[in-house]
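Worksheet for the structure shown next.
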Amino acid sequence: MPELPEVETVKNKLKDLVLNKKIVDIDITYPNIIEYPDIKIFNKEIKNQRINDIKRRGKWLMFELDDYYLLSHLRMEGKYIIRNKGDEREKHEHVAFILDDNTELRYKDTRKFGRMHLLKKEDVFNQKPLNELGLEPFDDNLNIEYLKQKLKLKKLPIKTVLLDQSIITGIGNIYADEILFLSKINPLKPSNKLNSDEINNIIKYTSQILKEAIKQGGTTIRSYESSEGVHGRFQQNLLVHNRENMECLNCKSKIIKIKVGGRGTYYCPKCQK
DNA sequence: GTGACCACCTGGCCGC
DNA sequence: TGCGGCCAGGTGGTCA
């Protein structure tokens, strides 16, 4: 499932492939992917827009066009692929952006969870979905005062709160487990019970883990791979996630799996009291 | 305002 | 071997 490092990897890969190309046509076979605006307007407005840059905010890919930003969230299994114009459409390829060099940028999403928005450039940061996002993990403003303020009213388990994109954006289920393991915090601990050292550790390890994951090209787990079939290597670095019944790399206890807020959560009961 | 629950989806896995 | 049911999970919507 693409989290921040995977989206960053996709962004960098796509920049090599589609920058400065013009979208001359579009073919959408699963309209629900288009969240905003109405699909007829989307179809009309995106034509003849050039892809001038690709950015990222949290888990959102931002294609900077002439007049608009095309925002794309990959959710669980979304990926982008380049094909030649007219190549047979493969299963699960729901959107084809036909480019001016006789290639097509295709959005493929097995589970159809991904969503796209087309927003006027001047509006993009002050309307949904970007205006609801919290700080980037590498933002200098992500400090103990900020996080303490955000956590003090939250009684929910810290694992659940780490997944709240309005506080820190970009953390998903895999990296939340890893951050809490390194921070030696039990995922069930109520957020408002964390002390300053624990909050500091979360800030420190969030940045450290995500930076390392970006360096490794993200994590390839289950069905996720980035565009063009690129596999991330960070899964080799995972300390607890997906390691149920295996030995803790720190204390040799058994890693256990529980549900927190409905999410599969892995942790070491001895290291994370 | 907060928190719990559900829907969206499909493929993989497990038990029978 | 084939079938049915459960599970995976990011996000938004609804309801208490």
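The values are calculated or read from the model by the stated rules, or taken from the named source; none is laboratory data. What you see is a predicted model, and the numbers here were worked out from it, not measured in a lab. Cβ coordinates were reconstructed from backbone atoms using ideal geometry, including for glycine residues, and neighbour counts include every protein chain displayed.
Of note:
- Residue check for residue A:188: within 16 Å of DNA strand C (Cβ to nearest atom), touching a residue at least 24 places away in the same chain (Cβ under 8 Å) and not hydroxyl-bearing (Ser, Thr, Tyr): yes
- Total residues in segment A:138-158, condition aliphatic (A, V, I, L, M) and exposed (fewer than 13 other Cβ atoms within 10 Å of the Cβ): 1
- Residues of segment A:113-160 satisfying the condition of being among the aliphatic types (A, V, I, L, M) and closer than 30 Å to residue A:37 by Cα: A:116, A:118, A:119, A:124, A:130, A:133, A:135
- In segment A:246-258, the residues that are within 16 Å of DNA strand B (Cβ to nearest atom) form Cβ pairs under 6 Å with partners that are hydroxyl-bearing (Ser, Thr, Tyr), at six or more places apart or across chains, as follows: A:257/A:266; A:258/A:265.
- Positions within segment A:66-92 being in a strand (DSSP E or B) and closer than 14 Å to residue A:116 by Cα, in sequence order: A:68, A:69, A:70, A:71, A:72, A:73, A:79, A:80
- Exactly one residue out of A:148, A:59, A:120, A:128 is at pLDDT 90 or above and within 16 Å of DNA strand C (Cβ to nearest atom), and it is A:59.
- Of everything in segment A:1-52 that is surrounded by fewer than 19 Cβ atoms within 10 Å (Cβ to Cβ) and hydroxyl-bearing (Ser, Thr, Tyr), the residue that is farthest from the chain's Cα centre (by Cα) is A:29.
- Residue within segment A:4-12 that is charged (D, E, K, R), closer than 29 Å to residue A:138 by Cβ and modelled with pLDDT under 90 present: yes
- Residue check for residue A:174: of a type outside the set (D, E, K, R) and touching an Asp or Glu at 6+ places or on another chain (Cβ under 6 Å): no
- Here residue A:160 meets each of (1) within 15 Å of DNA strand C (Cβ to nearest atom); (2) modelled with pLDDT of 90 or more; (3) in contact with a strand residue (DSSP E or B) (Cβ under 9 Å, 6 or more places away or on another chain); (4) within 25 Å of residue A:107 (Cα to Cα) with one exception, condition (4).
- Only residues that are β-branched (Val, Ile, Thr) and under 20 Å from residue A:212 (Cα atoms) were counted across segment A:137-188, and they come to 5.
- Criterion violated by residue A:222 - all others in (1) modelled with pLDDT of 90 or more; (2) loosely packed, with under 13 Cβ neighbours inside 10 Å satisfied: (1)
- Checklist (1) under 15 Å from residue A:203 (Cβ atoms); (2) among the aliphatic types (A, V, I, L, M); (3) in the same structural domain as residue A:57 (by TED's automatic domain parsing) applied to residue A:118, failing item: (1)
- Within segment A:1-32, tally of residues that are away from DNA strand B (no atom under 16 Å from the Cβ), over 24 Å from residue A:84 (Cβ atoms) and not acidic (Asp, Glu): 3
- Listed conditions (1) of a type in the set (D, E, K, R); (2) more than 16 Å from DNA strand B (Cβ to nearest atom); (3) in contact with a Gly (Cβ under 8 Å, 6 or more places away or on another chain) are all met by residue A:50, apart from (3).
- Residue A:118 vs. criteria under 26 Å from residue A:20 (Cβ atoms), in contact with a helix residue (DSSP H, G or I) (Cβ under 6 Å, 6 or more places away or on another chain), in contact (Cβ under 8 Å) with a residue 24 or more places away in the chain and away from DNA strand B (no atom under 16 Å from the Cβ): yes
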